[in-house]
Amino acid sequence: MIKKLLLLLVLSSICSYAQEIEGYVYDAEGRVSGVRIHNISQDFIEVSNPNGYFRVEAAVGDTVHFSSVAYDLYEFIVKKQDLEKKMVVELKFSTLDEVRITGYRARNTDINDLDSELAGQIQKDIKKHPNYYRTSKGNIGNIIQSVIDLFKKDKATEPTDPEVIGFEDFEVLFLRDDFFDEEFLSQELGIPSENHELFYEFLASQELEYSYLKNSNKLDLIDKLYHYSKEYKKRLSSIEPGVD
């Protein structure tokens, strides 16, 4: 009898093993990092990483809040399907017309500490805006110096490579877009569901420019996806005979 009870306890602990929800946080401009994800029901808190990815313990029926200073609070109730696949949460920029101060905390600070803080802020500002603190050379001298500084700034600026679409971007695209979904991958492009993530990796290796994700370039992206799906299946068939 005791053995049966122990077995039941073990089985129940396995069944109640921590479940999780995971996915990406987005806004109208892209992935959002630093968003606070709070499972209100179980009091678990996580923060979205630099790629906007999050994972937090949750169970069906839990209430989860997504919050950040610049956005409206997003709340949802966990459903069974949320535990089975990655999700995409899209935040809306805050609709508050003004910031209201509801309280403050007084701070007693030694005058010497304040002087040190002020001195530190001035030094930072000098580094950021040296022209404002340079000894005056007269109007002409200041103009010449400003032109020299502009040339220095242009010379120091190095061209950067255009941002490319990564694995996470493709994953989120097929999670959140109404057109590019799993059905499009499987039926239109002929990519089996078990190979979707491998296909994302393959697409990421092609280093497509991020501009392809704009709505105005959707047709161009479709052409690219058809092209790369054929190339992917061709490579896959050379590894696994019988794959079309």
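Just so you know, all these numbers are worked out from the coordinates, no wet-lab data involved. Keep in mind it's a predicted model, so treat the numbers as computed, not measured. Here Cβ is always computed from backbone atoms with ideal geometry, including for glycine, and neighbour counts include all displayed protein chains.
Pairs 86/218; 86/214; 79/230: which exceed 25 Å Cα-Cα? Intermediate results must be reported in sequence, preceding the final value.
Working: 86/218 23 Å; 86/214 23 Å; 79/230 36 Å.
Beyond 25 Å: 79/230.
Give the long-range amide H neighbours of residue 20: residues separated by 5 or more places, or on another chain, with amide H under 5 Å away, using H modelled in the peptide plane at 1.01 Å from N.
Excluding prolines and chain starts, which carry no amide H, the hits are 58.
Cβ neighbours within 10 Å, averaged per peptide: list 221-228, 205-212, 31-38 in order, most packed at the top.
On the way: 221-228: 15.8, 205-212: 14.2, 31-38: 18.4.
Highest-to-lowest ranking by the protection proxy: 31-38, 221-228, 205-212.
Name the long-range amide H neighbours of residue 44: under 5 Å, sequence gap of 5 or more, or other chain; modelled H, no Pro or chain starts.
39
Could you give each residue of segment 26-38 its phi-based ³J(HN,Hα) in whole Hz, using Karplus coefficients 6.51, -1.76, 1.60 with θ = phi - 60°, and x for Gly or Pro?
Whole-Hz 3J(HN,Hα) from phi for segment 26-38: 10, 10, 5, 9, x, 5, 10, 9, x, 7, 7, 10, 10.
Answer rounded, prolate or oblate for segment 167-239, using the Cα gyration tensor with square roots of eigenvalues a ≥ b ≥ c: rounded when a/c is under 1.5, else prolate when a/b is larger than b/c, else oblate.
Numbers: a/c = 1.63, a/b = 1.39, b/c = 1.17.
Because a/c hits 1.5 or more and a/b exceeds b/c, segment 167-239 counts as prolate.
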